[in-house]
Amino acid sequence: MSDHTTAELTVSDATATATSANPSQSDSFSKVRKAIQSLSTILPSIPPSLSSSSNPSFSLLHDPEISTHISALLRRSSAGAGDDNLCRWLYEAFQSGDPGLHLVVLRYIPLLAGAYLSRATLRRPLAGFEAVLLALYAHETTSRAGQPVTVNVPDVFLPSLYHEPTSPAKSNSTTLNLAVVSPTLEPHGTVRATRRARIVGVALELYFGKINEMPKSSKIDFCEFCTVWAGDRDGHHNLRSDPSQVGDTDGGDEVELGTHIPLPWELLQPILRILGHCVMGRWANDKEVFDAAKEACRSLHVRAMHDINAKAILATESLIRLGNNMCFEMELPNGNGCVDPHEIPTTNVITLN
Amino acid sequence: MSARLGSGLSLGLGWEGLIVWGVALHRRPGTLVGQHLASGWEARRGLNISEGGLSLGSRASGGERLVMRAHRGKGEDRGHGWGGIWLVDGGTRRRRGWGVVHHRHREGRGLSSGLEARALLGKLEYQRGNVEGALRVFDGIDLQAAIQRLQPSLAEKPPSKKGRNRTESQHAVSQHAASLVLEAIYLKAKSLQKLGRLTEAAQECKSVLDAVEKIFQQGILDVEVDNKLQEIVSHAVELLPELWKQAGCHHEAISAYRRALLSLWNLENDCCTRIQKEFAVFLLYSGVEAGPPSLGVQIDSSYVPRNNLEEAILLLMILLRKFHLCKANWDPSVMEHLTFALSICNQTSVLAKQVEEIMPGVYHRVDRWNSLALCYSGAGQNKAALNLLRKSLHKHERPDDLMALLLAAKICSEDSYLAAEGVGYAQRAITNAEQHADHLKGVGLHMLGLCFGKQAKVCSSDSERSRFQSEALKSLDGAIALEHKNSDLIFDLGVRYAEHRNLNAALRCAKQFIDETGGSVIKGWRLLALILSAQQRFSESEIVTDAALDETAKWDQGPLLRLKAKLKISQSLPMDAIEMYRYLLALVQAQRKSFGPFRVNPQVDDNKVNEFEVWHGLANLYSSLSHWKDAEICLGKARQLKQYTAETLHTEGKNSKSLDYFIEF
């Protein structure tokens, strides 16, 4: 290999390994250290490797022990109250503004949103959960300046970056179709019941934006909650023993939770986008996530049929069909479809000049 | 080593250790390879030049030039052995069985034979599956230096007409060397990929493309490049984004995709289609925001996508267009991806257009009708949807399709004059659900109840009306026994009870609805308040309205403020009512000024308060207080918004009558 390539390699390796490294690296480092310190007062134990790690926010995100502890705390039936220390920690971690800590908070959004939405109908104060969700909402509102996210659906009869039609546009209907993917964001200081779905929806939009950095277990948590939220009748009996069942770890006030929560489009749309990733995230090649996502799609499809919600039926149906194709591809030996299109054909021809 | 090949053709190869694989090389008797090639070469070259000319210059060729500026000619034009180097024909794979070694003069080659030998050896090791061995061999070659040496010889201008033969042979030879080197780098990348060293693999693969870009500064044209080289380039172009994705470098993957699609690589149609699809999938599902393409690649007056969804939708639509023009084979997953993308952004009407454009024979007509019905219904065009469903539910088509039956029943349940038809669909749905999908029986009953309820509204006789009303209640009761948690069902049952003047039952439903939805749906609060006011419990109704106002953001409070104003009037508190109207007016006017199309709240959209209504309400209120002047002003404002309406004329008439009355006395 030439020196040129080696140099290139080392440079890119350096940037690859130090993705979390930014100019204010020491600042971020101390923020994460501080966060770990305060977390140690909340969790029963913290693995010693965490404090000695060279990239503590990455370890915090992926450490299985930490996630087990935090998940257990979030699943308690008393979680999410105003005095919940974990929620306070999550809130402060997000407010610190450190991108690494943002990821850590987002990692628990499926569990938090799941527990919150399942319990919101019980009219119990959930100020802890709400504080975290509002922090995320406010963050998105500022970073988008409240502006909506829109999509101009293109007209293929007009030239674009990727194509040049030779036949001129026949119709005069050259106006673009403007679609609102995420409407205007208004600032909210509290969670009003009628805006609850929107606020959780925005948190899920943020989650989707970082989904490729989320660990597997977080995605599985999410898919399982989707099944619960859909209020799936067929899978209903399994849910009692399901790990996603909230509120039964503490004993005491065990409530039947998560059956048939309202799923307005502002909530359903980000849910479907996340599920789309989990079904089609072939590059992650993760069978467990895929299976959980397929199950969630199936439940949501049943739910869409029950609600006779045309848009949701279309979206879930196509995800299910795509998932079935993926199943087929995954079962094939090389796991990547039938033939590797990148393989140079083996021939018995030698060409010499 | 001397390898004996086929019919006595013998080669002296200047290196040791090379294993000629599959050496059972037979030549078809009587075929003179050299001649065969030579004639084919000339013919093909002419063809390609003319094609290249067409695609480069005027685009009068009639056919549409899609997607790649680099894309000219048809796929099958490559895969033949033009250039005299590669004989095995992609189109006729059967000929793979017999191999040919074509020997050329070695003059003018840009590479040493040792390097060439190593490159071949590496390839052999790779194809034997000895990836590590191959990598060792490739590592021993200074490939970058080889590329450097290739550059000047290849960066010549395209051959002029005079003396074409000489420059051509020069080209062919240098291209052979280039393809050998590039193939070596490509295989090195593949070896690294197989060993899991993905970032290095991507770097190597990228260096193939960088080298090609340096060598062919004008982009690759059909006339310039031999088949082998083209094949390697195409492979590398397609592999690079895959490698970046596998390495987890998403932004590099995005730029690799864009580079693949926007530079002149002269890709085959199939290859280009694959890349476009993969890129669209990546944009749709990866969650990595790509950001708009750089300004450098943007062309005036053409559409440039600004975000992932736009770019993905554009690519998928281009792919569909290719299918329609038969430039690529139909791939059903493209339609699924587009369905997902467009329903995610509420553009099912655009989706409907795409479904309509699909060639006949791809989908069964009933499937197409049903998909279209879903699209139109999703876009709120229920009439169109129902027409399609009528076709698909015809007795000769698919009369038992549960989804279609339920959707048709739902659409009919929203229109009194269609309700009778809807009853039929709902009943068929229930019968079907009992046989096939028990869990949907409740939905069928729900729709049946709604249709009966609507039918009751347009009845000509009292007896018929009460019969329909009790049928409606019976069906909804049946439904709620099956789906006791379905909040929509609870709401509809509450409304039906209220219409039936069974206020206690209605109240129970309204309360349960608020519990089930956690108070998140405004219409639930309104129903509760209305039922309470129907029971003359105005103060309680007001408390409910206040609670609802607490749970609602300012912008969405319109319907609740109107309700509260009316409650105040019922409680004979006109001054308070005027106060409420004043809030309402401020809200409505502020909304009119700042509501764009983007501030949508479907919960309020159904029941939006308009300014006319507020002025008219105020006018009524003032006239009831005998504040004639104020009433007059309000009526004037209302008339500015809607000139001729029965309501304003009525109020106006009342006013003048009362005024006259007062004047008389």
Original post:
B:Ser255 fails exactly one of the following numbered conditions: (1) of a type in the set (Gly, Ala, Ser); (2) under 22 Å from B:Lys190 (Cα atoms); (3) modelled with pLDDT under 90. What is the number of that condition?
Top reply: (3)
Original post:
Quick check, is B:Ala290 closer than 27 Å to B:Arg197 by Cα and outside any helix (DSSP H, G or I)?
Top reply: yes
Subject >> Subset of the range B:309-366 [in a loop (DSSP other than H, G, I, E, B), more than 9 Å from chain A (Cβ to nearest Cβ) and at negative phi] >> reply: B:Leu325, B:Lys327, B:Ala328, B:Asn329, B:Trp330, B:Asp331, B:Ile358, B:Met359, B:Pro360, B:Val362, B:Tyr363, B:His364
**OP:** Go through the range A:47-68 residue by residue and tally those that are over 25 Å from the mean Cα position of the chain (by Cα) and surrounded by 16 or more Cβ atoms within 10 Å (Cβ to Cβ).
**Re:** 1
Subject >> the range B:367-386, residues that are facing another protein chain (nearest Cβ under 10 Å) and hydrophobic (A, V, I, L, M, F, W, C) >> reply: B:Ala373, B:Leu374, B:Cys375, B:Ala379, B:Ala385
**OP:** Within the range B:509-540, work out how many residues are facing another protein chain (nearest Cβ under 10 Å), among the β-branched types (Val, Ile, Thr) and part of a helix (DSSP H, G or I).
**Re:** 3
Original post:
For the range A:115-230, which helices (runs of 4 or more DSSP H) that fit wholly inside it have 3 or more residues that are under 15 Å from the mean Cα position of the chain (by Cα), within 7 Å of chain B (Cβ to nearest Cβ) and surrounded by 20 or more Cβ atoms within 10 Å (Cβ to Cβ)?
Top reply: none
Original post:
Which of the residues belonging to the range B:403-440 are of a type in the set (Phe, Trp, Tyr) and either buried (at least 24 other Cβ atoms within 10 Å of the Cβ) or in a helix (DSSP H, G or I) (or both)?
Top reply: B:Tyr425
**OP:** Could you check, for the range B:328-346, whether at least one of its residues is more than 16 Å from B:Ala280 (Cβ to Cβ) and within 16 Å of the chain's Cα centre (by Cα)?
**Re:** yes
Subject >> Residue list for the range A:22-33, filter: in a helix (DSSP H, G or I) and either modelled with pLDDT under 80 or loosely packed, with under 15 Cβ neighbours inside 10 Å (or both) >> reply: A:Gln25, A:Ser26, A:Asp27, A:Ser30, A:Arg33
**OP:** With the checklist (1) modelled with pLDDT under 90; (2) surrounded by fewer than 18 Cβ atoms within 10 Å (Cβ to Cβ) in hand, flag the one item B:Val288 doesn't pass.
**Re:** (2)
Original post:
Tell me, which helices (runs of 4 or more DSSP H) wholly within the range B:541-660 include 3 or more residues that are within 14 Å of another protein chain (Cβ to nearest Cβ) and at pLDDT 80 or above?
Top reply: B:558-570
**OP:** Give the range A:287-315 a look and list any residue that's within 12 Å of chain B (Cβ to nearest Cβ) and within 20 Å of B:Asp438 (Cβ to Cβ), or say none.
**Re:** A:Ser299, A:His301, A:Val302, A:Arg303, A:Ala304, A:Met305, A:His306, A:Asp307, A:Ile308, A:Ile313
Subject >> Count of the range A:75-96 residues which are surrounded by fewer than 24 Cβ atoms within 10 Å (Cβ to Cβ) and either under 21 Å from A:Arg198 (Cα atoms) or free of Cβ contacts under 8 Å to residues at least 60 places away in the same chain (or both) >> reply: 12
Subject >> Filtered residues of the range A:146-178 (kept if more than 23 Å from B:Gln276 (Cα to Cα) and either at pLDDT 85 or above or of a type in the set (Val, Ile, Thr) (or both)) >> reply: A:Gly146, A:Gln147, A:Pro148, A:Val149, A:Thr174, A:Thr175
**OP:** Taking B:Ser294 as the residue in question, decide whether it is surrounded by fewer than 22 Cβ atoms within 10 Å (Cβ to Cβ) and facing chain A (nearest Cβ under 7 Å).
**Re:** no
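Matching residues to (1) surrounded by fewer than 23 Cβ atoms within 10 Å (Cβ to Cβ); (2) out of contact with any Pro (no Cβ under 6 Å at 6 or more places or on another chain); (3) modelled with pLDDT under 90:
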residue	(1), (2), (3)
A:Val246	no, yes, yes
A:Leu263	yes, yes, no
A:Leu275	no, yes, no
A:Asp286	yes, yes, yes
A:Lys294	yes, yes, no
A:Val302	yes, yes, no
A:Asp307	yes, yes, no
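Listed here are the residues, each with its yes/no results for (1) modelled with pLDDT of 95 or more; (2) within 30 Å of B:Glu421 (Cβ to Cβ); (3) among the aliphatic types (A, V, I, L, M).
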{"position": "B:Gln455", "(1), (2), (3)": "no, yes, no"}
{"position": "B:Glu464", "(1), (2), (3)": "no, yes, no"}
{"position": "B:Ala479", "(1), (2), (3)": "no, yes, yes"}
{"position": "B:Arg496", "(1), (2), (3)": "no, yes, no"}
{"position": "B:Glu499", "(1), (2), (3)": "no, yes, no"}
{"position": "B:Thr517", "(1), (2), (3)": "no, no, no"}
{"position": "B:Arg537", "(1), (2), (3)": "no, no, no"}
**OP:** Would you please list the contacts, defined by Cβ atoms under 9 Å and residues six or more apart or on different chains, that run from a residue in the range B:529-549 that is free of Cβ contacts under 8 Å to residues at least 12 places away in the same chain to a residue that is of a type outside the set (D, E, K, R) and surrounded by fewer than 22 Cβ atoms within 10 Å (Cβ to Cβ)?
**Re:** B:Gln536/B:Ser570; B:Glu540/B:Ser533
**OP:** Quickly run through the range B:368-381 and pick out the residues that are farther than 29 Å from B:Cys272 by Cβ and either assigned to a helix (DSSP H, G or I) or of a type in the set (D, E, K, R) (or both).
**Re:** B:Trp369, B:Asn370, B:Leu372, B:Ala373, B:Leu374, B:Tyr376, B:Ser377, B:Gly378
**OP:** Identify, from the list B:Glu516, B:Glu471, B:Glu464, the residue that is crowded, with 21+ Cβ neighbours inside 10 Å and either farther than 23 Å from B:Lys568 by Cα or in contact (Cβ under 8 Å) with a residue 60 or more places away in the chain (or both).
**Re:** B:Glu516
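The values are calculated or read from the model by the stated rules, or taken from the named source; none is laboratory data. Because the structure is a prediction, the values reported are computed rather than measured. Positions of Cβ are backbone-derived with ideal geometry, glycine not excepted, and every protein chain shown enters the neighbour counts.
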